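Have a look at the structure that comes next, please.
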Amino acid sequence: MTVSLEARPGRRSGASDFGPLARQVREAGLLERRRGYYAWAIGANVAATAGTWAAVGWWGASWWVVLLGVPLAVLSARTGFLGHDAGHRQIAKSHRANRWLGYLLGNLMLGMGYGWWNDKHNRHHANPNHVDKDPDVGEGVFVWTREQAAARRSGLAEWMTRRQAWLFFPLLLLEGLNLKVSSALDLKRLPVRDRVLEGSLMAAHTAGYVGLAFALLSPGKAVALMLLHQGLFGVHLGSAFAPNHKGMAMPGPDERWDHLRRQVLTSRNVRGGAVNDYLLGGLNYQIEHHLFPSVARPNLRKLQPLVREHCERVGLAYAETGLLDSYGQALRHMHDVGEPLRS
């Protein structure tokens with residue numbers, strides 16, 4: 001079920017609607033850093049990752065060792081969520097410290113470029129679900145509007161667009177590889193110094209990851225483990241981002257929404273308590289995260305009642321639903337976009 005509060009007719013959309021909420025959040029102390037939480041989260045994740053690789057070496061004689069790709073995928077997604085938080089300056093106070101955390105968590109531990117992701121993700125946050133400005137709803141393997149679908153009238157692109165709702169989750173198996181390839185291709189955009197730094201860390205990740213897998217396992221087991229790990233990592237990460245905006249409002253080219261409406265009306269929250277908080281890395285509080293991207297992840301749950309009450313006060317729709325229904329809404333939107341081609 002979606003919580004929906006219809007905007008009041010005639011309500012004037014203005015930046016002043018956000019000001020009282022921002023003051024309330026600041027006074028509640030929710031903009032403060034949570035260094036202790038992040039020190040524990042990063043330390044525990046690094047230790048668990050090292051422990052899982054130690055288990056790979058200990059269990060290497062059996063083909064059952066391949067199943068350790070499952071916890072490795074979960075832990076890689078945790079690393080990705082922590083890198084996401086560093087990109088939003090949620091962890092440390094200084095930009096420099098957060099940037100270095102992003103390099104270590106993203107480039108070194110995941111082989112994913114911090115500079116590429118940060119540029120892309122910041123553009124998404126500035127204009128969520130805006131076809132001309134948000135790279136997450138630009139044309140790619142999938143399309144997000146019927147206008148985009150209309151341009152695909154032949155070949156493989158048309159075939160995939162007609163079936164894109166069915167293909168979405170299976171193709172997420174390739175998302176882990178896609179993140180690495182896209183990061184590598186983006187290096188040429190960066191200044192020379194950043195290109196060398198990020199490229200070196202990504203190369204160190206690749207050499208260490210592949211080298212460790214083949215040092216601990218026979219070639220067949222090493223390849224199987226890496227395929228399972230990277231495939232499930234892509235599904236896990238993609239599944240955390242999929243419910244957030246797909247099927248929500250998409251501003252038109254000439255529409256100008258204030259910050260509150262631009263972030264709230266394009267975002268969807270997912271209920272589910274502590275389990276979803278863990279599996280979705282706090283992204284289930286998508287509305288709160290978009291309104292206050294620098295708020296530390298453990299503060300989002302405390303922030304939610306303030307945002308919900310404020311939206312009700314100003315007559316603004318606040319979308320919240322369960323995890324399965326959020327996927328259903330996203331997939332129905334993708335299916336609807338491809339309808340003209342099926343007709």
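The values are calculated or read from the model by the stated rules, or taken from the named source; none is laboratory data. Quick caveat, the model's predicted, so the values are computed rather than measured. Quick reminder, even Gly has a Cβ in these numbers, built from the backbone with ideal geometry, and neighbours come from all protein chains shown.
Can you tell which of F168, F233, F241 is among the hydrophobic types (A, V, I, L, M, F, W, C) and modelled with pLDDT under 95? Reasoning before the result, please.
Working: F168 fails: modelled with pLDDT under 95; F233 fails: modelled with pLDDT under 95.
Among F168, F233, F241, only F241 is among the hydrophobic types (A, V, I, L, M, F, W, C) and modelled with pLDDT under 95.
Restricted to the range 217-230, and to residues that are crowded, with 19+ Cβ neighbours inside 10 Å and touching a residue at least 40 places away in the same chain (Cβ under 8 Å), which residue is nearest to N178 (Cα to Cα)?
First, pick out the residues of the range 217-230 that are crowded, with 19+ Cβ neighbours inside 10 Å: 217, 221-222, 225-226, 229-230.
Checking the rest, the ones that are also touching a residue at least 40 places away in the same chain (Cβ under 8 Å) come to 217, 221, 225-226, 229-230.
On the way: L217: 25, K221: 23, L225: 18, M226: 15, H229: 14, Q230: 10 Å.
If we take residues in the range 217-230 being crowded, with 19+ Cβ neighbours inside 10 Å and touching a residue at least 40 places away in the same chain (Cβ under 8 Å), then Q230 is nearest to N178 (Cα to Cα).
Answer with yes or no whether G57 is within 20 Å of the chain's Cα centre (by Cα), at pLDDT 95 or above, among the small types (G, A, S) and assigned to a helix (DSSP H, G or I). Reasoning before the result, please.
Details: within 20 Å of the chain's Cα centre (by Cα): no; at pLDDT 95 or above: yes; among the small types (G, A, S): yes; assigned to a helix (DSSP H, G or I): yes.
For G57, the condition - within 20 Å of the chain's Cα centre (by Cα), at pLDDT 95 or above, among the small types (G, A, S) and assigned to a helix (DSSP H, G or I) - is not met.
Are there any helices (runs of 4 or more DSSP H) wholly within the range 233-294 with 1 or more residues that are in contact (Cβ under 8 Å) with a residue 60 or more places away in the chain and aliphatic (A, V, I, L, M), and if so which? Step through it out loud before you land on a result.
Numbers: elements: 259-264, 273-279, 286-291.
Passing ranges, in order: 259-264, 286-291.
Within the range 110-133, can you find the residues that are among the acidic types (D, E) and farther than 19 Å from L237 by Cα? Before the answer, list the steps.
From the range 110-133, those among the acidic types (D, E) are 119, 132; that's our starting set.
If the condition is that a residue be among the acidic types (D, E) and farther than 19 Å from L237 by Cα, then D132 is the only one that fits.
Next up: Can you tell me which residues in the range 306-343 are in contact with a Phe, Trp or Tyr (Cβ under 9 Å, 6 or more places away or on another chain) and of a type in the set (F, W, Y)?
The one that is in contact with a Phe, Trp or Tyr (Cβ under 9 Å, 6 or more places away or on another chain) and of a type in the set (F, W, Y): Y327.
Moving to a separate point now. For the subset of the range 318-343 comprising residues that are buried (at least 17 other Cβ atoms within 10 Å of the Cβ) and over 21 Å from the mean Cα position of the chain (by Cα), which member is farthest from L260 (Cα to Cα)?
Looking at residues that are buried (at least 17 other Cβ atoms within 10 Å of the Cβ) and over 21 Å from the mean Cα position of the chain (by Cα), I get L341.
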